[in-house]
Amino acid sequence: MACISTVTTHLGLNCISLLNSACGTLIRKRRTDVDRYFVNVHSCKICFSIGYDFMTPLVSTMMLIGFMTGVILSFISLKMYGIIPTVVYLYCPSLLTVLYVLISILLNMVINVYEDGRVLYVKWLWVLARSGDKAYVGRKLRAIQIPRIYGGLMGFNLYQCTAQTKTVYYEAILSYTITALMSINLGN
């Protein structure tokens, strides 16, 4: 599951990068060059729409699994020293470190889709101000939305993955870990 989401997100990031590097064609006065550029923009949107049906529940499921596993492993690492065997205990901090590295990599990739798309849209607006055919290019740009990846279930989008999502996610993991540590007493 993680491989599919990683490949799809990487494909989307490459599309955005290529669109960003070819953005200078919007300054040209020939509409065929501008139309060719917007065909590439719509191809990028098709890549995102193909992955939308499985990416949306996959993102929310992976974040939920990471959240629950992170809280449980943090609790075990901090509170259960001496209760469980040392051999089993040593795996918990190691798995927690690997989990947080994976969450950080995958979440950053998903967030970069929106952040890079927003940078691309600002660049389009800058190019629009210098374009020879402002009315035509402006109409084309107004019809395009910034690409983003959502997290949701059963066809409902619960949240979009932006930079704030990462902060809220880590804050929730920390909050639930502290709550679990303070409320569960394992002493004799």
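With respect to the chain, whose longest principal axis is taken over its alpha-carbon atoms, helix 86-129 is tilted by about 20°.
Volume of the convex hull of the stretch 2-183 (Cα atoms only), normalised per residue: 119 Å³. Given +1 at the Cβ of Lys and Arg, -1 at the Cβ of Asp and Glu and no other charges, the dipole of the stretch 1-137 around its Cα centre is 600 debye to the nearest 20.
For the pair the stretch 110-141 / the stretch 67-109, the C-alpha centres are spaced 42 Å from each other. Placing R0 at 22 angstrom, the Cβ-Cβ distance between Asp35 and Asn14 gives a FRET efficiency of 0.50 after rounding to 0.05.
The relative contact order of the chain comes to 32 percent, based on Cα pairs under 8 Å that sit 6 or more residues apart. Relative to the longest principal axis of the Cα atoms of the chain, helix 163-183 runs at roughly 10 degrees. This ranking places Glu171, Glu115 by how few other beta-carbon atoms lie within 10 Å of each, fewest first, which gives Glu171, Glu115.
Against the chain, whose longest principal axis is taken from its Cα atoms, helix 2-21 shows a tilt of about 30°.
Out of the trypsin sites (Lys or Arg not before Pro) in the stretch 123-175, which ones are loop residues according to DSSP with at most 11 other C-beta atoms within 10 Å? Write out the running numbers ahead of the final one.
Working: sites: Lys123, Arg130, Lys134, Arg139, Lys140, Arg142, Arg148, Lys166; in loops: Arg130, Arg148.
Here the sparse-neighbourhood loop sites are Arg130.
Every read-out reported here was derived from the displayed coordinates using simple, explicitly stated rules and does not represent laboratory data. Since the structure is predicted, the reported quantities are computational estimates derived from the model, not experimental observations. All Cβ positions, glycine included, derive from the backbone under ideal geometry; neighbour counts span all protein chains shown.
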